[in-house]
Every structure is written in structure tokens, then in C-alpha cells.
Amino acid sequence: MGGPFLYEGEVPITSEWELGFRAARIERNIGPFLQNFDSIWEERKWELDLGLGYFESYDFSGKSLAELGQYLLDAVRFQERAWEIHFEIMYPLLAVYLQLYGLCASNGVDPGNIAKMLQGRDSKIMETDRAMWDLADEAKRLGIERVFADNEADQIRSALAAAGGNASVWLTAFDDFLQVYGHRTEGIADMNIPSWIEDQTSPLGQLRNFVLAPERHDFDAALAASQRERDEAIDDARSKLSGEALGAFNELLAINQVANFAWWNEDHNYYIDLRATIPIRNGALAVGREVGADQYDDGLFLFLPELLDVCQGNLKWADLQGMVTDRHDYYDGYQAKRPDVPKVVGTLPEKVEDPVLIEIFGMHQQYFDALKADVHVTELKGFPASAGTYTGRARVMLSAMELFELEDGEILVTEATSPNWTPAFAIIGACVCDGGGSLTHAATVSREYGIPCVVGTSVATLRIKTGDLIEVDGTKGIVKILERA
């Protein structure tokens, strides 16, 4: 950790016994897992829905501190279970993905194209985006576009309520949408980020962009194009293989298309990454209300044992408020420093072996090369995540909380995206990320939306400024700064 920021690193396993022990375990279990993947994931979704249904319908009114303490304990245990499910599913999917990766790499097929071979399948995240566009279409049908056009994102709700009539009809539909899709945050597993239900600025701001867009994003056409690209990538790979290698490729591809990491990585975010932390946040906020904290979110700045001691009467909030304020200030201070924090802490490694760090976090060789390059360079190299070339003005963003500020046709430049960023891909012209590889969210969604994308540049947010005219070549993995703002 650097302040509140997380840095990923590689922990090598050197024990031959442990490597063999792990291999034997997964060899024994991988077959039944792959044969029953669909049913296993359906069972886990049932379990997640069961827990989420309880916490998301919990009524905090009239609850004692002791009851809030029990709620927090239950919410923490649920979050632990949710992430157990996450890794229980993820690693077998990655294992079979990496088998296909190894086969391609050793037979002259670019393993960076494997993610393309698995695309073209709708997920729960894409379902959310379609529902948002339906709301935008409904606003146009009801003739309330001017309310969106004339108000900033944080004023849209009150303006709609004041307008009444069709605007009130639309608000009812929006609230129904939130009950289904609003239990999500603009970041993964971060308790300091409110859900869409708690703070509606982001979804309303993004809906404003959709309402004012000249035309609806064509999901069906984009999906068909994604499927064509998938089929072309598969045909190209097969053309380079023969004999046993071709047979092994076909077998592994068929397995990966069912136990599909690229698809599941998007689908599971709806249940876990964007959602499972919210119950703990809600519990901490409830404690803050009950004890009369100075700021509404002060309860988030106690460690769990401290918070439970408050709920059990072992600590008095009045004795903790000063410390909580200091922690709050520390956190806010580091958030303000975020544009300047280093991308890597410590000695730059010569290379990284771990495929998760490479394919998901994007720590390819060019990632480290860019960190060593001159700060005045005007050409950045990264991983070619989604083909095509686009020239436009950059919008540099370090937080999804300002997504609604994106304008149609701008190029999103950020550290990395997660599924909460997905709606923005319908209006941006291209995407550039500091991190990420072939399996990262930005790469996957850019291919689904048919926009150029370069990831794993390591320093794009440091070298590019909002307003710069840049060219993104998603085929070659090159980003050029053509003109400074």
C-alpha cells in the first residue's frame, strides 16, 4: 500500500513440491468443474442473490447499536463468502485459459488474440447498459430531453421532480431501474464509494449523455461485429495449425467457450466486485447516524474491531471522533495526490512471469519500458487491445465518479477501467489505459463496442493531458500525442 493505494506484485513459488502439489489438486478437480461449469455458476449466483437480497432490503430504522454490530458481522462474512466464490471460479477458468494460451504461444499463434476468440456473448454488465439506453429512449418518448440538457448531473433529479408530469413518470421508471441495477459502485470493492442508489449523480449524468446523443448505441450490430471478429480470429489460428496441435486447439477452444473466463469476468462483477462491499458500507453509515458522527461517512474510518467495540458499548464515539477526523483527512489528502503517485514502487523488474499480472494487469515488457522512457515522449506503446484507429481529444480521468463529464467522441485516458465504466464506451471514440492486458475490462468492452483501445501503456495518464489531440492505433498498440491542449 502507498497511502490508500494498492500496488500489485509477484510472489514467486520456488518449492518443487508445492508446485507439484498444486498441480495434482487442480488436475483432479478441473474435469468435474469444466463439465459442470454452467450449473456451478448458477448455484453460486443463487447463493449470492440470496445474501444480497437480505442485505439490500435490510431496514435500519429503529435498530440498536448492538443490532447494527450484528448486521456488520453478517455483512463482513457475506463479503468474505462472495470473494471465496470469486476465486473459486476464477482460478479454474484461468487454468484452462492458460492451457490454450500455452498451446498457442508454442505453435506460432498470437496468444493475445485468445480473448477475441471468446468474445461476442452478452453479460449482466451489458444488460445494465441496455436498460440505461431504454431509459434514455423513454425520456425522449416522454419529451423531457430539455430537463436533462438544461441541468448539471447533480441537479437533474430535483429538476425532474419539480417539472412533474411526464418527468415524474420517468422518475418512477428510473427508481424501478435502480432497484434492479442500482446496487453497484463506481469502483471495485471500495467502501468509500457510494452506490448508485445512495448517490444518483453518476447514473443520471451518464443518462444525460445518452438522452442527448444523436442516436442510440446499436448493441445488436456491435455484438454481430464482435462475433465476426471472434470467428475471424479462430479461423486465422486454425490456419496456422495442423495435426495434433490443431486437434488440441479445437478441444481447448471448445472448453474455453463454455468455461469462458473473458465472459465470466464481466458477468461476475454484477454480483461481486461492484456490489458485495455495499452492505458493509451501509452498516458503517448506519452506525455513524446512530452515534451522531460529525460527517455522514465517518463510520467508514474505523477498523472493524473498533466499530464493533462502539456497537457493543466498549468504546464511546466521543472519544474516537478526533482520530476519525484525522483518518478522514489523511484519506482525502492522498486522494488529492493521486495524479502524482508513482506507477511502480521499488525496483523495476526485468520481467514478470505471472500470467495474471501480464494478461489482466498488463505488466508486459512495454509497460516497464515506458516507465524508463523520457518524460517528453509523444509516442506511447502498449498492448493492442482492440483494433482500429481514431483521432480525437483526450479526457484524462482517474476516477469513475466523473464519468458523466465525458463528451461524445472524446478519448478516455485512465489508469484502468472496471465494469462500472462500461456505459461510457457507447459515447467515447477510443480508450487508453495505463494498465491492462488482453483480459482486462477495457480490452474486453472496447472489442464489444467496436472502438480502438490500447492498454498497458503504464504512463498515459502522466504523459497525456485533458484536451490533447491524440491518435489511438488499437491495431498496433501505439498512442501518438499530435497536439498539446
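Please list, or write none, the aspartates and glutamates whose alpha carbon is within less than 12 Å of the alpha carbon of Lys63, excluding same-chain residues fewer than 8 places away.
Output for Lys63: Glu290.
Take every Cα-Cα distance within segment 326-485, group them into 10 Å bins from 0 onward, and report for each bin the whole-number percent of pairs it holds.
For segment 326-485, the binned pair fractions read 12, 43, 34, 11, 1 percent.
What relative contact order, as a whole-number percentage, does segment 173-284 give when Cα pairs under 8 Å and 6 or more residues apart are counted? Don't skip to the answer; put the middle values down first.
Details: 52 pairs, mean separation 51.0, N = 112.
Value for segment 173-284: 46 percent.
With a 1.4 Å probe and all protein chains kept in place, how do Val345, Val459 rank by accessible area, largest first?
Working: Val345 100, Val459 5 Å².
Descending order: Val345, Val459.
Just need the Rg to Rh number for segment 153-207, please, alpha carbons only, Kirkwood Rh.
When Rh is taken as the Kirkwood radius, the ratio is 1.01.
Skip the ligands, DNA and RNA, and give the accessible area per residue of the chain with a 1.4 Å probe, whole Å².
Details: 21780 Å² over 485 residues.
Per residue, the chain has an accessible area of 45 Å².
Give the aspartates and glutamates reachable from Lys337 as a straight Cα distance under 14 Å; neighbours fewer than 8 places away on the same chain don't count.
Within the straight-line limit of under 14 Å, Lys337 reaches these aspartates and glutamates: Asp329.
Alpha carbon centre of segment 380-415 versus segment 434-485: separation in Å?
6 Å
At q = 0.10, 0.11, 0.15 Å⁻¹, work out log10 I(q)/I(0) for segment 1-105 with the Debye formula, treating every Cα as an identical point scatterer and leaving solvent out; two decimals please.
-0.51, -0.60, -0.92
Could you tell me the relative contact order of segment 256-315? Use alpha-carbon pairs under 8 Å, at least six residues apart, and round to a whole percent.
Details: 23 pairs, mean separation 11.9, N = 60.
In percent, rounded to a whole number, it is 20.
From Cα pairs below 8 angstrom and at least 6 apart in sequence, can you work out the relative contact order of the chain, rounded to a whole percent? Display every interim value, and only then the final one.
On the way: 737 pairs, mean separation 84.8, N = 485.
About 17 percent, as a whole number.
Sorted by packing (mean other beta-carbon atoms within 10 Å per residue), highest first, where do 29-38, 95-104 land?
Working: 29-38: 13.8, 95-104: 19.7.
Ranking, from highest mean packing down: 95-104, 29-38.
Taking just the alpha-carbon atoms of segment 8-63, what radius of gyration and Dmax come out, in angstrom?
19.5, 57
In whole Å, how far is the Cα centre of segment 71-115 from that of segment 47-64?
29 Å
Over 18 Å between Cα atoms, which of Lys343/Lys372; Lys372/Lys476; Lys116/Lys343 qualify? It would help to have the intermediate numbers written out before the result.
Numbers: Lys343/Lys372 12 Å; Lys372/Lys476 21 Å; Lys116/Lys343 28 Å.
Distance filter (> 18 Å) returns Lys372/Lys476; Lys116/Lys343.
In µm²/s, what is D for segment 439-485 at 10 °C and 1.306 mPa s, where D = kT/(6 pi eta Rh) by Stokes-Einstein and Rh is the Kirkwood radius from Cα pairs? Numbers along the way, then the final one.
Values: Rh = 11.5 Å.
Reported coefficient: 138 µm²/s.
Please report, in debye to the nearest 20, how large the charge dipole of segment 66-158 is about its Cα centre when each Lys and Arg carries +1 at its beta carbon and each Asp and Glu carries -1 there.
320 debye
At a 1.4 Å probe radius, carbon and sulfur cover how many percent of the accessible area of the chain? Please report the intermediate quantities before stating the final value.
Working: 11190 of 21780 Å².
Of the solvent-accessible surface of the chain, carbon and sulfur hold 51 percent.
Provide the per-residue ³J(HN,Hα) series for segment 389-405, in order, calculated from phi with Karplus coefficients 6.51, -1.76, 1.60 and θ = phi - 60°, each as a whole number of Hz, with x at glycine and proline positions.
10, 8, 10, x, 7, 7, 10, 8, 9, 9, 9, 6, 5, 10, 4, 5, 7
Could you give the alpha-carbon Rg of segment 159-288 over 2.2 N^0.38 Å, rounded to two decimals?
Here the Cα radius of gyration is 1.55 times the empirical estimate.
Which peptide among 49-56, 215-222 comes first, and what is the full order, when sorted by highest mean count of other Cβ atoms within 10 Å?
Numbers: 49-56: 14.9, 215-222: 12.9.
So the peptides 49-56, 215-222, ranked by packing, come out 49-56, 215-222.
Please compute the volume of the convex hull spanned by the alpha-carbon atoms of the chain and report it per residue in Å³. Write down the numbers at each step before the final one.
Details: hull volume 82.3 nm³, N = 485.
Once divided by residue count, the hull of the chain is 170 Å³.
The values are calculated or read from the model by the stated rules, or taken from the named source; none is laboratory data. Keep in mind that this is a model prediction, so the values were computed, not measured. Ideal geometry is used to build each Cβ from the backbone, glycine not excepted, and the neighbour counts take in all protein chains shown. For accessibility, only protein heavy atoms count, side chains too; no ligands or nucleic acids. Shrake-Rupley method; radii C 1.70, N 1.55, O 1.52, S 1.80 Å.
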